[in-house]
Amino acid sequence: MSMAAPLEGKRIVVTRAIEQARGLKTRLESMGATVMLFPAVSFSEPSETAELDRAIRSLREFDWILFTSANAAQFFASRCRKLGVEPSQNGDYRCAAVGPVTAGAVATEGFSVDHVAQEFLGAALGRELAEPLAGKKIILPRSDRARPDLPNALKAAGAEVTEVVAYHTGGVGAVEPEVMRAILEAQVDVVCFFSPSAIENMRAELGEEVLLRLGAKAALAAVGPVTGASLRNAGLPAAIEAPLATAESMAAAIANYFSSSANSKARAI
């Protein structure tokens, strides 16, 4: 292992959708890793959009839009434009984003960013947003597989929440045979997860035994506390946790993990 290639010889599985994995793949390969793609999730427009369209056409009736992911911002904005409704920054409504990555996507899509939440877990996020959103009408664009914790917490704080499905989260995509074989035999060093859905889909596709074997032999990496908690709830160790859902954050967390392991072994000697 060298400073120029801190991940030399490491075999790293990336479970993001193919279109979202390119940046991390390039980053890890530049650090010497062999990257294997296992698209554990896919994203698409929802098949039914009546409620989403109704909410978009009445956006000015809402006080806030709350975006919890970059996907939510991108798919919601895309549907807005298809309906001839341009994202507004003129004060018709305010926008909150969960974390800096989502905030960046919200701004890129043309919405204002009026609040960036620091909490990620549903109940804690609800508590953070309780004061600014209490008594307000909120639209919450989400995946069709999103958990109920956040809207329940917001409603308990006195907010009027309208949930709409902005995108569909699908299952595992096509996987190269050699990648599948390496995963089934646990011949990999790291498996990266970016969402609870990826963990659920991988378990459904491969089975509990394979996932437990991976957890015992490879370092499982999670983005953020929500995905980390999902790994632990599944009985799997979250050996690596990246704070941000970016290629840079995940690559740095993986490199730091192996650097720390190498230093610990050197001190033991």
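The values are calculated or read from the model by the stated rules, or taken from the named source; none is laboratory data. Keep in mind the model is a prediction, meaning the values are calculated, not measured. Counting neighbours? That spans all protein chains shown, and the Cβs are built from the backbone with ideal geometry, glycine included. We work out accessible area using only protein heavy atoms, side chains counted, and drop any ligands, DNA or RNA first. Shrake-Rupley method; radii C 1.70, N 1.55, O 1.52, S 1.80 Å.
Among the residues of the range 45-71, those identified as at pLDDT 95 or above and within 21 Å of GLU200 (Cα to Cα) are GLU45, PRO46. The residues listed here are THR26, THR34; of these, the one that is surrounded by fewer than 15 Cβ atoms within 10 Å (Cβ to Cβ) and over 30 Å from LYS155 (Cα atoms) is THR26.
Would you check if there is a residue in the range 186-204 being in contact with a strand residue (DSSP E or B) (Cβ under 6 Å, 6 or more places away or on another chain), buried (at least 22 other Cβ atoms within 10 Å of the Cβ), assigned to a loop (DSSP other than H, G, I, E, B) and not acidic (Asp, Glu)? Checked the range 186-204: at least one residue is in contact with a strand residue (DSSP E or B) (Cβ under 6 Å, 6 or more places away or on another chain), buried (at least 22 other Cβ atoms within 10 Å of the Cβ), assigned to a loop (DSSP other than H, G, I, E, B) and not acidic (Asp, Glu). From the residues in the range 129-177 that are under 30 Å from LEU206 (Cβ atoms), of a type in the set (Asp, Glu) and not in a helix (DSSP H, G or I), which one is least open to solvent (accessible area, probe 1.4 Å)? The selected residue is ASP144. The single condition among (1) closer than 17 Å to ARG27 by Cα; (2) in contact with a helix residue (DSSP H, G or I) (Cβ under 8 Å, 6 or more places away or on another chain); (3) modelled with pLDDT of 95 or more; (4) of a type in the set (A, V, I, L, M, F, W, C) that VAL223 does not satisfy is (3).
All told, GLY84 falls short of being surrounded by fewer than 18 Cβ atoms within 10 Å (Cβ to Cβ), assigned to a loop (DSSP other than H, G, I, E, B) and either touching a Gly at 6+ places or on another chain (Cβ under 9 Å) or hydroxyl-bearing (Ser, Thr, Tyr) (or both).
Filter the range 57-75 down to residues that are in contact with a strand residue (DSSP E or B) (Cβ under 6 Å, 6 or more places away or on another chain) and part of a loop (DSSP other than H, G, I, E, B) and give me whichever is surrounded by the fewest Cβ atoms within 10 Å (Cβ to Cβ).
Going residue by residue through the range 57-75, those that are in contact with a strand residue (DSSP E or B) (Cβ under 6 Å, 6 or more places away or on another chain) are 62-68, 71-73, 75.
Right, trim to part of a loop (DSSP other than H, G, I, E, B) and you get 62-63, 68.
Numbers: PHE62: 19, ASP63: 16, THR68: 23.
Among residues in the range 57-75 that are in contact with a strand residue (DSSP E or B) (Cβ under 6 Å, 6 or more places away or on another chain) and part of a loop (DSSP other than H, G, I, E, B), the one surrounded by the fewest Cβ atoms within 10 Å (Cβ to Cβ) is ASP63.
Taking first residues from the range 229-245 that are on the phi > 0 side of the Ramachandran plot and partners that are of a type in the set (Val, Ile, Thr) and part of a helix (DSSP H, G or I), no Cβ contact under 6 Å between residues at least 6 apart in sequence or on separate chains turns up. Number of residues in the range 26-62 that are more than 30 Å from LEU184 (Cα to Cα) and over 19 Å from the mean Cα position of the chain (by Cα) equals 16.
Check ARG60, ARG81, ARG54 and return the single one that is over 30 Å from VAL175 (Cα atoms) and touching a Pro at 6+ places or on another chain (Cβ under 9 Å).
Numbers: ARG60 fails: touching a Pro at 6+ places or on another chain (Cβ under 9 Å); ARG54 fails: touching a Pro at 6+ places or on another chain (Cβ under 9 Å).
Answer to the selection: ARG81.
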